[in-house]
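Read through the structure below, which is laid out as structure tokens, and then see the notes.
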């Protein structure tokens, strides 16, 4: 996984890049407020680590965007020919 972040501070715009592996996915939900559920994706790399927090609405939007594209790739076959 590669993460690229652009942040504004007093010196100007700072660009940060890191990479790592997803170590854990946490589902945070309150029984009294189920609409406030969130997903935390925890990652760790060689030089950094972090947590990406997504609301339930953001997860649903990602799902709607990604699933149709994955279905397109299901029937793809790679054919290799020798010359």
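Every number in this text was worked out from the coordinates using simple rules, so none of it is lab data. No experiment lies behind these values; they were computed from the predicted model shown. Positions of Cβ are generated from backbone atoms using ideal geometry, with glycine treated the same way; all protein chains shown enter the neighbour counts.
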Output for the range 38-70, where each listed residue is touching a residue at least 12 places away in the same chain (Cβ under 8 Å), within 14 Å of the chain's Cα centre (by Cα) and closer than 18 Å to residue 1 by Cα = 39, 40, 41, 42, 43, 44, 49, 50, 52, 53, 54, 59
Could you please give the count of residues in the range 1-12 that are assigned to a strand (DSSP E or B) and under 21 Å from residue 59 (Cα atoms)?
-> 4
Give me a count of the residues in the range 13-32 that are surrounded by fewer than 13 Cβ atoms within 10 Å (Cβ to Cβ) and in a strand (DSSP E or B).
-> 13
Condition check for residue 35: in contact with a helix residue (DSSP H, G or I) (Cβ under 9 Å, 6 or more places away or on another chain) and either free of Cβ contacts under 8 Å to residues at least 12 places away in the same chain or part of a loop (DSSP other than H, G, I, E, B) (or both) | no
Here the qualifying pairs (Cβ atoms under 8 Å; residues six or more apart or on different chains; first in the range 1-12 and surrounded by 10 or more Cβ atoms within 10 Å (Cβ to Cβ); second not in a strand (DSSP E or B)) come out as 1/20; 3/20
